[in-house]
Each structure stands twice: as C-alpha cells, then as structure tokens.
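Undergrad: Following this message is one structure expressed as structure tokens.
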Amino acid sequence: MTQLDSATRGTGAAPPRPGTSPAAVKRVRLFGPVHWTKFWICGGAALALLLGTWWTLVALQLVNPFFLPAPASVWSGGIEMWRSGQLTTDTLASVQRITVGFLISTAIALPIGLFMGTIAWVEASLEPIIDFIRYMPAVAFVPLTIVWFGVGEGQKYSIIFIGTFFQQVLMVMDNVKRTPREYLQVGETLGLSSTKLLQRIVLPASAPAIWDTIRITLGWAWTWLVVAELVAAPDGLGQRIMVSQRYFDTDRIFFLIMLIGVIGLVLDQFLKFIGKRLFPWASAEGV
Amino acid sequence: MSGAEARILDVTKTYRTRKRTVEALAPITLTLKPDEFTTIIGTSGCGKSTLLHIVAGLEQPSGGRVEIKGTPVVGPGRDRGMVFQSYTLFPWLDVQANVEFALRDTPLSKKERSDRAREYLDLVGIADFGTAMPAQLSGGMRQRVAIARALSYRPSVLLMDEPFGALDAQTRQEMQELLLQVWEAHRLNVLFVTHDIDEAIFLSDRIIMLTGRPGRVKLDVRPQIPRPRTVDVLTSPEMMTQKAELLTALREESQHRWRPQ
C-alpha cells in the first residue's frame, strides 16, 4: 500500500528524511500500471473486507437478522433450495428466457445497427424513433406486454427485447461508425462494391467493438429478465425472489440476488475470453 | 507492369458549406507521362492531397475531369493504386493476407495469389514477415506492406499521399531509397504528394508546386539529377541549386499566405 509510487521517486530529489510527512513524497500515480497479483490481492481483500463486515455486523447482533441474515444462513438457504431441485429449475428457466429474448434482440439489432451506421438515410429514418423509445422505461411496458402477450414466455421475451434492443441498435451503429475512413478508402481504391466493403472491411473492423456491445448489453438484459419474472412467472430466479419475500425468507433473497450476480460475472468473463480468442488483434498493442 | 498516361484537365474543386465557400483548387491541367515520377508539393492546405484524391476517384472534382489512358475517371478503380499517409493495413489480417486482400476477386488461383503477394513483399524487402500482424510492425514496415499491397494488382498509376509523412527522418530516407529501387525496376506512373522539398527532389523526374489556396500550378520543374540516385545525391550541387529555387518559391507562397489583408 505504501509502495504505490516508489518507482517514480528518487531521481534528483533528496531522499525523504525519516520523520517527514509521508504525504509529501508518496502520491497515488494516476493511470499507473498494476501487476496482476496486486490486482487480485486488492480485489480479494476488498471482497473479504465486505464479507467480514457483514459477518461482524450480524455476529455482534448490530442488525436484525431479518433485515440482514448471517452469511451462513444465506448459504444454507441456498443449499436448501438446491436440494429441493427448485434452484436448478428456476435457474434453467431464467437462463432459457434470457437466451431466447437476448438472441432475438441481438439478431435484429445487428443488421439494423450495421445499416444505420453505414447508410445515412437509414440512420436518418430510424434514429429519432429509436432514441425516443430508448428513453421510455422498459418497466413501464410490463402491463402493456401482459395485455399483448399474456403471462406466458412471450411476455418475458418481449420485456427483455424492449429493454435491450433499442440500446443495442444505437451501440452497434456507433461501433460500425468507428470504422476508420482510410480502411474504406483502401477498399474503394481496390474497386470493392459497397456490399463487399461491408463484408470485408466494416464488419471485421467493428467486430471486436460489437462483441463488447453484446457483452455489455447481456448484463443489462439480466435486469429486464428479473423485472419480467418479478411480475408474473411460474418459475425463474426473479419469481423465486418474489416468493421468498412473501415468506420473509430474506436469506433466500440474498442468495438469489448473489446467484444472479455470479451467473452474470461468469458469463461476462466467459464472453471476454471468447472475444480475446476471436479477435486477438484487437487486444494487441498499437494498431 | 507498365504505366499509363494520366491527364488532369481543368480540374477544380470548391467546397461549399452553409456558411462559406472555399475554393481549394483553381483550374489545373497536367499531363503525367506513363513512366514518370511526378511529385506535387505546396504549403499545407494548398489542395495537393485533394488533387490526388480526385485522381484516385475518391473525391469528385467540381469541374474538369481526369483521364487515365484516355478513359475518364468516374470513381476509384484498379488501374490506380494508392498509398495513404496513415497506416491503413487491416489489423485483423496478417501481412501476407493484407496483400492478398487486394487480389481477391481476380481470376488468379489461390496459389497464384499467395505467390504474387510474396513476390511483392519480397520486392519491398519484407518477405520474412508474411505471418506478422500489422500491430507488430514499425511504421516503416507497415508502409512497405502498404506499397506492396498497392502494387500487387499491377495498377498503371501509383498515387502516394505523403506516405512517409509519419516516419522518422532515418526511416524516411530508407523508404525513399526503397521506393526509388522499386520504381526504377517497374517504371510506372507515380504521382507523389509531399511537403518535403528534399524528398521531392530526391525522388522525382518532375516537381509541380501548387500555390496557396486556391491551388494552381506555380512551378513545374525537372530536377536534372541523373538516375540511379543514391543518398550522395542529397548533398550534390544540382540538388542544392534545385532546392534553393523551390525554397524561394515556397517561401513566397507562405509569405503570401500570412500577409495581413
């Protein structure tokens, strides 16, 4: 902790005398590099601190366990749900919903975003509408989607779609627009048609950024999934949270919320890993 | 590979925005011989790059036309190759694939394409770097690949827009020599844009200086320096005489530009 800036110290300046204020010589270096071991140590320590505080608060009976259950009872609450098979059913139901809803949204957003980013009149026609809808809260659509689709799976997909699609389109459009103009000019001087420019230059050039968009929006889609399930669903992690609230099972609620967090984290890391494999050139230095 | 004649006929360019109209190029007429190395120089903003882009077909002239071998230019085409100032290699392709990119859609077989790419990488002296990714290459190396890519499909006119502008002085000198070697072996019509007088004299058969905005031809000279040229040319009396003439002309232009109105 105290070595943050040891590397930059010492050229020309007199060494700090013992007894002088350390604040005068030690400074936090902005944008400085961090070794990965230090990175994990810091991350681990912060997590341990959080868990430790939680555990202490409960152990010292500073809070009512009804509001903040002990880590152990959260864990056993989860184990109970898992033993009964409920947890697996709910997780699978949620994963299935998010997969379908997110895939529908992505499959439509990709081509539309691509054309909006490259063809001016497509952008001009669609951007105002999409921007407008984007600012409408997806939650507000829940009652409407129930009227439209009932309380079945279609309604869940539609909420995920409404929450994800409009953001995705604009982000993909932006990704595509960042294709360096010079790359296109190279393609043009080689005599490529617009279709081939799209296939051979625009798509590969923007693919890594689009992949990141998919990764980021998938995180958001989880929010809409839970929103959809909280309202009306026979199963799913969001629904289980609602049921647990009804029975005042705060420990289960904690477990489920954290489980959603863990699934999101694992999925994100997985996609990041795949992205690095697919586009090794994008993470290389320089370009 | 052989060069073709390029004719620039009364080409003008005017940019109109809502607020004002900028006349970038006054009518310019030039005939570029099939086997000549022509350089356009001028102060920044004189429209030299614009002129090059018009010849490339990447920009449309406001008036006049460009003809390559008698055929009017309507857009970019494979009779012209272009090397840009910025690094334009595709970062997702390795060096070999970057050159082969230019050969797709040709009647060449896969093997012929890869042979051809290797031939041109060899020509620019980086045959061993076929599997390297652009991000691993220095600026000079990237421009070598860009030159190989632009020549690989055998255009008859090579357009170069300050291709060495981003390189350090030493690499720049190396690249100029390399370019001369390549050009002396192939003798095609090169139109080169730069603001560096030394570079212009060292490389060119003919130097065209444009005036400040709107650009028109101020000087059209042929440095009488025998080929093949080596670095020694840089300090020769002919070079100095030529440089003095160009510098004077260029200084006139920049003074003219900054004179209060």
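Undergrad: Highest GNM mean-square fluctuation, chain B, Cα pairs closer than 10 Å: which of B:Arg187, B:Arg227, B:Arg172?
TA: Looking only at B:Arg187, B:Arg227, B:Arg172, the largest GNM fluctuation is found for B:Arg227.
Undergrad: Can you list which of the DSSP-assigned H helices in chain A have a Cα extent of 30 Å or more along the long axis and an average Kyte-Doolittle score of at least -0.5? Spell out each step's value before the answer.
TA: Working: long enough: A:36-59 (34 Å, 1.22); A:86-118 (47 Å, 1.05); A:153-177 (35 Å, 0.39); A:203-231 (41 Å, 0.99); A:250-278 (42 Å, 1.30).
For chain A, where a helix must reach 30 Å along its axis and average at least -0.5, the hits are A:36-59, A:86-118, A:153-177, A:203-231, A:250-278.
Undergrad: Using only Cα atoms, what Kirkwood radius does region A:47-121 have, in angstroms? Don't skip to the answer; put the middle values down first.
TA: Numbers: mean 1/r = 0.0606 Å⁻¹.
Result for region A:47-121, one decimal place: 16.5 Å.
Undergrad: For A:Ala48 and A:Phe270, FRET efficiency with R0 = 25 Å and r from the beta-carbon atoms, rounded to 0.05?
TA: 0.50
Undergrad: Normalised radius of gyration for region B:1-101, please: alpha carbon Rg relative to 2.2 N^0.38 Å, two decimal places.
TA: Values: Rg = 15.6 Å, N = 101, 2.2 N^0.38 = 12.7 Å.
For region B:1-101, the normalised Cα radius of gyration is 1.22.
Undergrad: With just the Cα atoms defining each centre, how far is region B:34-73 from region A:138-215? Give it in Å.
TA: For region B:34-73 versus region A:138-215, the Cα centre distance is 38 Å.
Undergrad: Additional query: Fewest Cβ neighbours within 10 Å first, please rank B:His186, B:His53 accordingly.
TA: Neighbour counts put them in this order, fewest first: B:His186, B:His53.
Undergrad: Would you mind putting A:44-53, B:58-67 in packing order, based on average other-beta-carbon counts within 10 Å, highest first? Spell out each step's value before the answer.
TA: Working: A:44-53: 10.5, B:58-67: 16.7.
Peptide ranking by packing, descending: B:58-67, A:44-53.
Undergrad: So how do A:Tyr135, B:Tyr15 line up by other beta-carbon neighbours within 10 Å, fewest first?
TA: Lowest to highest Cβ neighbour count: A:Tyr135, B:Tyr15.
Undergrad: Please work out the Kirkwood hydrodynamic radius for region B:5-52, using every pair of different C-alpha atoms, and report it in angstroms with one decimal place.
TA: 12.1 Å
Undergrad: With chain A treated as a Gaussian network of Cα nodes joined by springs under 10 Å, which of A:Leu192, A:Leu114, A:Leu103 yields the largest mean-square fluctuation?
TA: Between A:Leu192, A:Leu114, A:Leu103, it is A:Leu192 that shows the largest mean-square fluctuation.
Undergrad: What angle do you read, to the nearest 10 degrees and between 0 and 90, between the alpha-carbon axis of helix B:237-258 and the longest principal axis of chain B?
TA: The helix B:237-258 is inclined about 60 degrees to chain B.
Undergrad: Would you mind computing, in nm to one decimal, how far apart the modelled labels at B:Gln255 and A:Arg246 are, each placed 7 Å from Cα along Cα→Cβ?
TA: 9.2 nm
Undergrad: Okay, next question. If I fit a long axis through the Cα atoms of helix B:169-186 and take the longest principal axis of the Cα atoms of chain B, what angle between them do I get, 0 to 90°, rounded to 10?
TA: Relative to chain B, helix B:169-186 is tipped by roughly 70 degrees.
Undergrad: Hey, another quick one. How big is region A:77-280 by Rg and Dmax over its Cα atoms, in Å?
TA: Looking at region A:77-280, its Cα Rg and Dmax stand at 20.0, 69 Å.
Undergrad: Follow-up question, since we're still on this one. Taking springs between alpha-carbon atoms closer than 10 angstrom, which of B:Asp205, B:Asp232, B:Asp196 fluctuates most in the Gaussian network model of chain B?
TA: Taking springs between Cα atoms under 10 Å, the residue moving most is B:Asp232.
Undergrad: Same structure again: What residues from region A:229-263 fall in the zone where the backbone N is under 19 Å from a label point 7 Å along the Cα-to-C-beta line of A:Leu68?
TA: Answer for this model: A:249-259.
Undergrad: Over the whole of B:204-217, what's the average partner chain Cβ count within 10 Å per residue? Rounded to a whole number, please.
TA: Going residue by residue through B:204-217 and averaging, the value is 0.
Undergrad: So in the protein assembly as shown, what percent of DSSP beta bridges are antiparallel if you round to the nearest 5? Don't skip to the answer; put the middle values down first.
TA: On the way: 19 of 37 bridges.
Here the antiparallel bridges make up roughly 50 percent for the protein assembly as shown.
Undergrad: Pairs of lysines 8 or more apart, or on different chains, with alpha carbons under 27 Å: count those in region A:77-280, would you?
TA: Counting lysine pairs in region A:77-280 gives 5.
Undergrad: Enumerate the lysines that B:Lys218 could reach by cross-link, defined here as Cα to Cα under 18 Å, with residues fewer than 8 away along the same chain left out.
TA: B:Lys13, B:Lys48, B:Lys243
Undergrad: To continue, here is another question. Going by C-beta contacts inside 10 Å, put A:Met81, A:Met242, A:Met116 in order with the fewest on the left.
TA: Sorted ascending by nearby Cβ count, the order is A:Met242, A:Met81, A:Met116.
Undergrad: Return the FRET efficiency for the residue pair B:Ile225, B:Thr248: r is the Cβ-Cβ distance, R0 is 22 Å, and the value is rounded to the nearest 0.05.
TA: 0.75
Undergrad: Report the dimensions of the protein assembly as shown along its three principal axes from the alpha-carbon atoms, largest first, rounded to Å.
TA: Computed over the Cα atoms, the extents are 95, 73, 59 Å.
Each value in this text was obtained by applying a stated rule to the coordinates, not by laboratory testing. Predicted model only: the values in this text are computed from it and were never measured. Note that we place each Cβ from the backbone using ideal geometry, even for glycine, and neighbour counts take in every protein chain shown.
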